[in-house]
1. For residue 210, indicate whether it is touching a Phe, Trp or Tyr at 6+ places or on another chain (Cβ under 9 Å), of a type in the set (A, V, I, L, M) and over 27 Å from residue 176 (Cβ atoms).
2. When you go through (1) closer than 17 Å to residue 237 by Cβ; (2) in contact with a helix residue (DSSP H, G or I) (Cβ under 7 Å, 6 or more places away or on another chain) one by one for residue 144, which number turns out not to apply?
3. With the condition being at pLDDT 95 or above, within 19 Å of the chain's Cα centre (by Cα) and within 23 Å of residue 303 (Cα to Cα), I'd like the strands (runs of 3 or more DSSP E) fully within the range 1-113 carrying at least 3 qualifying residues.
4. Go over the candidates 196, 233 one by one and state the one that is without any contact (Cβ under 8 Å) to a residue 40 or more places away in the chain and basic (Lys, Arg).
5. Filter the range 35-51 down to the residues that are among the hydrophobic types (A, V, I, L, M, F, W, C) and over 21 Å from residue 108 (Cα atoms) and list them by number.
6. I'm trying to understand the selection: among the residues of the range 149-199, which are acidic (Asp, Glu) and modelled with pLDDT of 95 or more?
7. What number of residues in the range 197-252 are assigned to a helix (DSSP H, G or I), over 16 Å from residue 266 (Cβ atoms) and of a type outside the set (Val, Ile, Thr)?
8. How many residues does the range 248-271 hold that are surrounded by fewer than 16 Cβ atoms within 10 Å (Cβ to Cβ) and within 25 Å of residue 85 (Cα to Cα)?
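The values are calculated or read from the model by the stated rules, or taken from the named source; none is laboratory data. From a predicted model like this one, the values you see are computed outputs, not experimental measurements. Positions of Cβ are generated from backbone atoms using ideal geometry, with glycine treated the same way; all protein chains shown enter the neighbour counts.
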Amino acid sequence: MTTPADLGASPASPENRTRPTSTTVLAFDIGGTKLAAALVSGEGRILARGQCPTPRTDDPDEVLAALLALAAGLGPGAAAAEVCGIGSGGPMSAGGETLSPVHIPAWRDFPLRRRMEEATGVAVFVDNDAKAVALAEGWVGAASGVGAYIGMVVSTGIGGGIVLDGRLLEGRSGNAGHIGHVIVEPGGRACFCGGRGCLEGEASGRAIEAVTGRPPAEAPAAVVARTGTLVGRAVASVANLLDLGLAVVAGSVALGFGAPFFAAAQAEIDALARLDFSRGALVRPAGLGGDAPLVGAAAVALYRLGRLPCCP
């Protein structure tokens, strides 16, 4: 039986991995299709939530107003939140100071952090949505107690966040962990980033729809298996590179494809992660399911404040 220690659990401060915080967080998940908001407790429980379609508009303030309306709809508890965390698709500048989400054309270099701090009166922290999911899964999800892992979102696009030695990997501009642009098919399809053969260009929801002419939910078994294989190929490369033993995968495509996807991904990892330290690396579905993005947004804020129990 594989234990957290086998997967890279950090022994430095185990008490930090179980001690809750009393902070209540106002959390937002920003996507091209929907906006969601929640109040999240210091134990990672969603206390109240709401969502709405992402406004189709050229007015950046209309999108911001939709977020603030969601917060108001959470009830009086929203006003008592001590901090705000936001997970969003990118790209974004370091620290999430400005955002230009691909699927929200109204926001180009939009100063979301400053505008939300002005509107809410609390400190606001912004990060990539996949990094947020990675933090959430290490806090109260499938990577709880594991000190070295990658959290992934396989959905419309593909993103990731990496935790090493119990700390979120940032990189030069805050974009470390972007596994969606690992090359899995050299010379393959043109990716949305401009490259070729990227995981996102081959296995994301957008790629599947472009190839099959159907939404991912209607993908045939061969496409499901190939998608899992390509995700496993990327995970094996990361496991070999960074000495990781676990990949936790969320997102509508991965979770919608279910067991056949994860079986194909695990088979490819087993075939390609053959070094002594990467052999036996595992892929698992996200333990938080659909709650992961909002719990992750809260985790972003707590992590930046040094209050996230899983990541000192």
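1. Working: touching a Phe, Trp or Tyr at 6+ places or on another chain (Cβ under 9 Å): no; of a type in the set (A, V, I, L, M): yes; over 27 Å from residue 176 (Cβ atoms): yes.
When the stated conditions are applied, residue 210 does not pass them.
2. It is condition (1) that residue 144 fails.
3. Working: elements: 25-30, 34-40, 46-53, 83-88.
The strands (runs of 3 or more DSSP E) meeting that bar are 25-30, 34-40, 83-88.
4. On the way: 233 fails: without any contact (Cβ under 8 Å) to a residue 40 or more places away in the chain.
Testing whether each residue is without any contact (Cβ under 8 Å) to a residue 40 or more places away in the chain and basic (Lys, Arg) leaves just 196.
5. The initial filter retains those residues of the range 35-51 that are among the hydrophobic types (A, V, I, L, M, F, W, C), namely 35-40, 46-48.
The answer is 37, 38, 39, 40, 46, 47, 48.
6. Kept after step one, since they are acidic (Asp, Glu), are these residues of the range 149-199: 165, 170, 185.
Answer for the range 149-199, where residues must be acidic (Asp, Glu) and modelled with pLDDT of 95 or more: just 185.
7. Let us first name the residues in the range 197-252 that are assigned to a helix (DSSP H, G or I), namely 199-203, 205-212, 216-218, 221-242, 252.
Among the residues that remain, those that are also over 16 Å from residue 266 (Cβ atoms) are: 199-202, 205-212, 216-218, 221-223, 241-242, 252.
After this cut, where a residue has to be of a type outside the set (Val, Ile, Thr) as well, the list is 199-202, 205-207, 209-210, 216-218, 221-222, 241-242, 252.
Residues flagged as assigned to a helix (DSSP H, G or I), over 16 Å from residue 266 (Cβ atoms) and of a type outside the set (Val, Ile, Thr) within the range 197-252 amount to 17.
8. Total meeting the criteria: 0.
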